[in-house]
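See structure below.
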Amino acid sequence: PEEKVVICPIAACRGKFYFNSTSTSLDVIDFCGGLAAPVFSSIAVEDTIGMCHGSVFLVESSDQLYMVRLFGVNASEPYHGATVHMMDFSKRQWCEVDDLGGCTFLLSIYEFGASFSGDGSCGLRQDCVYFPDRHRKTLQVFDVKDGSIELQKLDEAPASDRAFWVLPTDL
């Protein structure tokens, strides 16, 4: 019997979908403008980051593809660190970055990520990665510039089996 392979994490960037990122490859779906069947391919990536225990998220921001890696020892503890890499397509290499160009990345379970203008209008800090942990009712904030981690308790939050972001469309 055939086994389904989950396409995760995934992000749309430059008219293509990129998914199942590893330290040595990046899979691609190109819908070719809707004129033909989708084309599946893979990009060999120079292994500059290695593998880690934790979670990987792909995020598109300002027409660039980013990979956020959250580091954790096990599922019962909060993440203890994060790194952000931007894909250099000409070199086929993930390059670590120390800022997000003033944007804010919002991550959610199931390896979903979104970019938001970090102008402070919604109370979000620039160059930070936000990740809600529904099991512990916390919000982790990773500052990409200085490497700090802030853990905010959300004790008053309602019980939920999912955490997600709703983004304004008029900003």
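Applying the criterion of at least 3 residues that are touching a Lys or Arg at 6+ places or on another chain (Cβ under 7 Å) to the strands (runs of 3 or more DSSP E) found wholly in the range 1-47 leaves 25-30.
Of all residues in the range 26-67, which are under 19 Å from VAL84 (Cβ atoms), at pLDDT below 90 and open to solvent by 30 Å² or more (accessible area, probe 1.4 Å)? Within the range 26-67, GLU46, ASP47, THR48, ILE49, MET51, CYS52, HIS53, GLY54, VAL56 qualify. Of all residues in the range 139-171, those being under 18 Å from the mean Cα position of the chain (by Cα) and modelled with pLDDT under 85 number 6. The residues listed here are TYR110, TYR79; of these, the one that is open to solvent by less than 70 Å² (accessible area, probe 1.4 Å) and at pLDDT below 90 is TYR79.
Of all residues assigned to the range 91-99, at least one qualifies as being under 29 Å from LYS153 (Cβ atoms), at pLDDT 90 or above and loosely packed, with under 14 Cβ neighbours inside 10 Å.
The values are calculated or read from the model by the stated rules, or taken from the named source; none is laboratory data. Only a predicted model underlies this, so the values are computations on that prediction, with no experimental measurement involved. For neighbour counting, all protein chains shown are included, and Cβ atoms are generated from backbone atoms with ideal geometry for every residue, glycine included. The accessibility values were calculated without ligands, DNA or RNA, using every heavy atom of the protein model including side chains. Shrake-Rupley method; radii C 1.70, N 1.55, O 1.52, S 1.80 Å.
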